[in-house]
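K.L.:
Quick one: this structure, given as structure tokens, is what I'll be asking you about.
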Amino acid sequence: MRTRLALATLGAAAVAVIAPAPAPAQASEITTYIIGGSTVSSAPWSAQVYANGRFTCSGTIIAARWVLTARHCLSPSMSVRVGNVRLGSGTAATVTNTYAQNDLALLALGTSISTSYSPLASSDPPVGANNSIYGWGMTCYSGCSPSTQLKTATVRVTGFTSDAYGGRAIRSTRVNGNAWKGDSGGPQYHNGLQVGVASTADGSATQNYGSVAANRSWIRSVSGV
């Protein structure tokens with residue numbers, strides 16, 4: 001069984017356990033966080049995604065007015081904070097519109113943000129590659145508070161599968177950390193390029209990230225990036 005990775009509120013405990021071909025769910029049903037790994041001192045492209053004023057997911061700012069995150073993170077009232085690794089800090093911006101394909105989502109911002117943007121890959125990483133994942137979250141499986149600082153971990157690509165909405169996804173396994181309860185929408189990088197967006201995980205070692213390359217033409221058509 002796999003679990004979708006979004007966090008509706010910082011105190012949320014319930015998650016929705018789903019089968020390999022899940023039906024769409026609401027953000028309030030689902031959660032993720034990096035277990036293990038280490039903290040990050042600088043990540044100007046990082047984005048904190050908020051629903052109804054509360055932190056819910058991770059993401060990346062890919063252009064002055066665009067944030068990339070997961071579709072299952074979407075809610076009617078959204079905002080972001082960008083450019084700071086400390087949870088609750090950074091430049092705030094409202095979300096004026098949302099767009100989705102598979103388990104990827106684009107958030108249109110009401111304010112232009114000047115920072116270093118996340119570069120996007122046009123091809124998937126090879127099987128066997130060591131990639132980096134990023135997100136805010138708890139440091140253990142239960143009984144821990146979410147990390148107040150952005151975390152990163154190394155994972156190894158083991159193959160390809162489907163994301164939470166049936167799109168192509170990169171499957172990876174833990175090297176020194178793994179995604180769980182709080183990282184939804186967070187990035188996976190290979191050779192400095194964002195290759196994935198956190199979608200689902202099994203809670204112990206395996207995570208599936210929606211493929212940026214498979215959705216690259218859609219991202220370009222919506223955002224111009």
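K.L.:
Please determine, by comparing only the residues of the stretch 148-166 that are under 16 Å from Pro187 (Cα atoms) and part of a loop (DSSP other than H, G, I, E, B), which one is modelled with the lowest pLDDT.
P.N.:
Leu150
K.L.:
Within the set of pairs 6+ apart or on separate chains, which have a first residue in the stretch 92-109 that is under 23 Å from Ser211 (Cβ atoms) and at pLDDT 95 or above, a second that is charged (D, E, K, R) and part of a loop (DSSP other than H, G, I, E, B), and C-beta atoms under 7 Å apart?
P.N.:
Asn102/Asp163; Asp103/Asp163; Ala108/Arg65
K.L.:
Here is a follow-up. When residues of the stretch 73-121 are filtered for being under 24 Å from Gln149 (Cβ atoms) and not in a strand (DSSP E or B), how many remain?
P.N.:
Residues flagged as under 24 Å from Gln149 (Cβ atoms) and not in a strand (DSSP E or B) within the stretch 73-121 amount to 15.
K.L.:
While we're here: Could you tell me which of the residues Ser118, Ser112 is of a type outside the set (Asp, Glu) and under 17 Å from Val212 (Cβ atoms)?
P.N.:
Only one candidate passes the filter, namely Ser118.
K.L.:
Scan the stretch 167-193 for residues that are outside any loop (DSSP other than H, G, I, E, B) and crowded, with 24+ Cβ neighbours inside 10 Å and report the count.
P.N.:
7
K.L.:
Continuing with the same structure: What number of residues within the stretch 194-225 are in contact (Cβ under 8 Å) with a residue 12 or more places away in the chain, farther than 21 Å from Trp136 by Cβ and either of a type in the set (Phe, Trp, Tyr) or outside any loop (DSSP other than H, G, I, E, B) (or both)?
P.N.:
9
K.L.:
Looking at Tyr141 and the list (1) over 19 Å from Gly83 (Cα atoms); (2) of a type in the set (Ser, Thr, Tyr); (3) modelled with pLDDT of 95 or more, which single condition is not satisfied?
P.N.:
(3)
The values are calculated or read from the model by the stated rules, or taken from the named source; none is laboratory data. Since we're looking at a predicted model, the values are computed, not measured. Note: ideal-geometry Cβ built from the backbone for every residue, glycine included; neighbour counts use all protein chains shown.
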